[in-house]
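What follows is a single structure, written as structure tokens, with notes after it.
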Amino acid sequence: MDFGETIVSAGLDAVEDVRALGYHRFGEVVDPKAAAALLADIRAIRRFDHSLFLSEAEFDADPRYKGVNPEPGRNLLERFEDRLGLVEAEPRIVAALAALLGPGYEILNRKLVCGVPASSVPEWLKARIHGNPVNNLGPYVRPEYRDITYFYGIDFHQDLIDFKDRQADFLTLYVYLHPVGVHDAPLFLLENSHRFGGTLFPHRLKREWEGFWTYGDGHGRELRTRQVMLTGGTGFAALWHACTLHGTQPDAADRERISLRYLLARRKGVPAGLDRINATLEGPVSLADTREDLDEAGAARIRANSVNGA
Ligand SMILES: O=C(O)CCC(=O)C(=O)O
Ligand SMILES: [Fe+2]
């Protein structure tokens, strides 16, 4: 096989993986030198320690839970746009995306995600968020630092959660910028969990034994799913379906995990592998309501977490 054929078959492998498993692992396909250089430049302009956070009094003076993630004009990655070819032009990634989403696929969103280490989260904050299913720390981060998304773990969810009434016409691509081991808040994915299509968060998950869960769709059906942990070296990349359940535990290492996160969507009207996959789902490809864990203001009203017991 020549290089071109290898690339085409890499795209087909990705379609087959997402169809059968709900995700595809590329391995360390992103140039590790370029990834490490990008990470060094990010670390040079941001300290991932207590200084990220508001004080408890500052937070309580005006609690805001919405609009706390990166957005156009407040996204640290915008400073590094000219270097993102390391991901966006990587031939195996491009081949997989073209096969899954069709030609001319669109980047919906790209940002940095930080898994904040336990040692950087103030004690008052740990006490307040303990047991919450979604610990996106954006509300507690100083406004000038909300150009990255900061997590202290997030329970199993579908990325469709942020897209009420949108079809699962997109994928998530994650790239690790440094080695991620078991203590660095690696992504946990539940294999084949995309099969039920969109289901309401928090999800009906019961841990059966180490590494295996039963997942209910809320309409009487259940499936047994295997948990996979995405550990990998610098430049490791993986993508998953918008209905694939995944989550992270709080970062137990004393170092933050920094990753690139992309959402990529198909263009309407072009044939795409994702359509064939979505046609096999045994449930809805879009949801009018994606979650029931939040109150009107966007604060947690349910305290429960499955992934922390994984
Ligand atoms: O990076 C994490 O800790 C979890 C991120 C995640 O699930 C997401 O960004 O959709
Ligand atoms: Fe996610």
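Scanning region 143-156 for residues that are open to solvent by 20 Å² or more (accessible area, probe 1.4 Å) and either more than 9 Å from ligand 1 (Cβ to nearest atom) or acidic (D, E) (or both) gives P143, E144, Y145, R146.
In summary, D159 fulfils each of the numbered conditions (1) charged (D, E, K, R); (2) open to solvent by 20 Å² or more (accessible area, probe 1.4 Å); (3) at pLDDT 95 or above with the single exception of condition (2). Scan region 1-41 residue by residue and report those that are in a loop (DSSP other than H, G, I, E, B) and under 25 Å from V180 (Cβ atoms). Within region 1-41, G22, V29, V30, D31 qualify.
Scanning region 170-194 for residues that are on the phi > 0 side of the Ramachandran plot and more than 15 Å from ligand 2 (Cβ to nearest atom) returns a single hit, N192.
Taken over region 197-224, the criterion of being aromatic (F, W, Y) and under 23 Å from V134 (Cα atoms) is satisfied by F201, F212, W213, Y215. Residues in region 3-42 that are without any contact (Cβ under 8 Å) to a residue 60 or more places away in the chain and within 19 Å of D147 (Cβ to Cβ): A40, D41. Residues that are loosely packed, with under 15 Cβ neighbours inside 10 Å number at least 3 in the following strands (runs of 3 or more DSSP E) confined to region 182-260: 204-209, 222-230.
Of the residues making up region 122-162, those that are within 15 Å of R46 (Cβ to Cβ) and β-branched (V, I, T) are V141, I148, T149. Within region 158-176, residues that are in a loop (DSSP other than H, G, I, E, B) and of a type in the set (S, T, N, Q) sit with their Cβ atoms under 7 Å from residues that are within 11 Å of ligand 1 (Cβ to nearest atom) and modelled with pLDDT of 95 or more, at 6+ positions apart or across chains, in these pairs: Q158/A242; Q158/T244; Q158/L245.
The values are calculated or read from the model by the stated rules, or taken from the named source; none is laboratory data. Just so it is clear, the structure is predicted and the values come from calculations on it, not from any experiment. Virtual Cβ from ideal backbone geometry, glycine too; neighbours counted across all protein chains shown. Each accessible area value is taken on the protein alone, full model and side chains, heavy atoms only, with ligands, DNA and RNA left out. Shrake-Rupley method; radii C 1.70, N 1.55, O 1.52, S 1.80 Å.
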